[in-house]
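What follows is a short report on a single structure.
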Amino acid sequence: MVLTIHDLVWKEYGETMRFPGRQIENFLTPRALARADVIAVVSLFTKAQLEKYFPSVAHKVELVPGASVLDGSDQHQASGGAASDGAYFLFVGTLEPRKNLPRLLRAYRRYVQDNPRALPLKI
């Protein structure tokens, strides 16, 4: 079984989560880690955090970056490509303070002000 761990926010920043979610993570994650044959992590930071809190599973941890590999041929540069083909910026995440959505919205507003043919933002 392969288990993917994106973060250990429940360990480091548990106060940013709702209590039930934090309790579920605290109960299920150690059990899932123990059962996994391979633990895929999406960043070196997550790998280090996992090995810090769960050193007994360090030998199962593999880095598998989650970012796409872009070839640079995209026609829509941040400097103002047209959105005619359905291209857009996408935010995928929970609406929690730790996701810092207000900062994203401020940055997007600056982008739109500087780019008359700005791509839309979908949340």
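Normalised by the number of residues in the range 3-62, what is the relative contact order in percent for Cα pairs under 8 Å and 6+ residues apart? Walk me through the intermediate numbers first.
Numbers: 51 pairs, mean separation 26.2, N = 60.
RCO, the range 3-62: 44 percent.
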Original post:
Points 7 angstrom from Cα along the Cβ direction at Phe27 and Arg109: gap in nanometres?
Top reply: 4.2
Subject >> Set of lysines with alpha-carbon distance to Lys52 below 27 Å, sequence-local pairs under 8 removed >> reply: Lys11, Lys60, Lys99
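Any read-out appearing in this document is the output of simple, stated calculations on the displayed coordinates, not a laboratory observation. Every value quoted in this text rests on a predicted model; they were computed, and no experiment measured them. With ideal geometry, Cβ positions are generated from the backbone for all residues, glycine too; neighbour counts draw on all protein chains shown.
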